[in-house]
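J.: Supplied in structure tokens, the structure appears directly below.
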Amino acid sequence: MKLVLFQIGSFKVYSYGLMIAIGIIVAGYLFLKSATKKGYNEDKLFNLLITAVISGILGGKLLFIIVEFKNIMKNPEILLDFGNGFVIYGAIILGVVGVYVYSKKNKWDTLDILDSVVPGVAIAQGFGRIGCFLAGCCYGRETTSHFGVIFPSDSLAPAGVNLIPTQIYSSIFDFLLGFFLLWYAKKAKAKGKVVAMYVIIYSIGRFLIEFLRNDPRGNVMMLSTSQFIAIFTLIIGICIYNKDKIKKERK
């Protein structure tokens, strides 16, 4: 658990940023490998990857600003704190928008592209949560369990308190989801099934694990912002999974 892994002069290598970078590299590799097998142009896929990463980063920052707008107005320095200022749902949503726009421009099937994207995204999230653990952000509630974790004083989490390691639980969940999707992608025949499974499973898992978290974050009534969003993403995932059935019923 170390916010800054090492420092060379004034240059600092942050644990969270490093894990995010590793996750993006792994996700990019898996995406390019999967999509090129389907016959898509590799150069265009690389451009799409850059578009999705930039869109995702902007989306994560934008949703954080929206959720924490009141707190940011009171204390603008919140945006400068490393480890703060990012909401994964915002990254996913705007990242998908970026993929959609680029796919439409190149006349690609968006769902087919997303089927190649999401296994790597889930695994990248797993690395990201390791970064959260090392930095101390996204921490859990206090616990008396032997599985609790006590963070040091230079962490973003409260120091000297036994906390539920929600970051590790989330990381394990994300890695398992990613490996499951890699397997499922070989079995699924209809386009959109893989991305649908990602959205459905992730929404449920995220909704549940939010009950264990205790870090400052936005809320909508009795739910955290992520739980509120998860309700809608779950519905969207179910609709995508059953899109062919829905089309037949409309006819």
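J.: Which count do you get for residues in the stretch 104-126 that are touching a residue at least 40 places away in the same chain (Cβ under 8 Å) and either closer than 21 Å to N214 by Cα or not β-branched (V, I, T) (or both)?
T.: Residues meeting the conditions: 14.
J.: Also, quick follow-up: Kindly check whether there is at least one residue in the stretch 174-190 that is touching a residue at least 40 places away in the same chain (Cβ under 8 Å), farther than 24 Å from A52 by Cβ and not in a loop (DSSP other than H, G, I, E, B).
T.: no
J.: Let me confirm something: among Y198, Y241, which residue is among the hydroxyl-bearing types (S, T, Y) and modelled with pLDDT under 95?
T.: Y241
J.: If a residue must be touching a Pro at 6+ places or on another chain (Cβ under 8 Å), hydrophobic (A, V, I, L, M, F, W, C) and either within 14 Å of N214 (Cβ to Cβ) or in a loop (DSSP other than H, G, I, E, B) (or both), how many such residues does the stretch 127-172 contain?
T.: Number of matching residues: 4.
J.: Another question, if that's okay. Within the stretch 5-20, take every residue that is touching a residue at least 40 places away in the same chain (Cβ under 8 Å) and outside any helix (DSSP H, G or I) and give me the one that is surrounded by the fewest Cβ atoms within 10 Å (Cβ to Cβ). Outline the logic, then answer.
T.: Pass one, the stretch 5-20, residues touching a residue at least 40 places away in the same chain (Cβ under 8 Å): 5, 14-20.
Add one more test, that the residue is outside any helix (DSSP H, G or I), and what stays is 5, 14.
On the way: L5: 14, Y14: 20.
That would be L5.
J.: Still on this structure, I have one more. Look through the stretch 198-233, keep the residues that are under 15 Å from the mean Cα position of the chain (by Cα) and of a type in the set (A, V, I, L, M), and return whichever of them is surrounded by the fewest Cβ atoms within 10 Å (Cβ to Cβ).
T.: Just the residues of the stretch 198-233 that are under 15 Å from the mean Cα position of the chain (by Cα), to begin with: 198-207, 209-210, 225-227, 229-230, 233.
Going one step further and asking which of them are of a type in the set (A, V, I, L, M), we end up with 199-201, 204, 209, 229-230.
Working: V199: 24, I200: 18, I201: 19, I204: 14, I209: 19, I229: 22, A230: 23.
Looking at residues that are under 15 Å from the mean Cα position of the chain (by Cα) and of a type in the set (A, V, I, L, M), I get I204.
J.: Residues of the stretch 171-183 being over 20 Å from Y14 (Cα atoms) and either buried (at least 18 other Cβ atoms within 10 Å of the Cβ) or small (G, A, S) (or both), which ones?
T.: Passing the criteria: F173, D174, L177, G178, L181.
J.: Tell me, which residue of the stretch 131-168 that is under 19 Å from S226 (Cα atoms) and hydrophobic (A, V, I, L, M, F, W, C) is surrounded by the fewest Cβ atoms within 10 Å (Cβ to Cβ)?
T.: The residue in question is I168.
J.: In addition: Let me confirm something: among G23, G59, which residue is buried (at least 16 other Cβ atoms within 10 Å of the Cβ), within 25 Å of L223 (Cα to Cα) and modelled with pLDDT of 85 or more? Let's see the steps before the verdict.
T.: Numbers: G23 fails: within 25 Å of L223 (Cα to Cα).
None of the others qualify; the one that does is G59.
The values are calculated or read from the model by the stated rules, or taken from the named source; none is laboratory data. Note that the structure is a prediction, hence the values are computed from the model and not measured. Backbone-built Cβ (ideal geometry, glycine too); neighbour counts: all protein chains shown.
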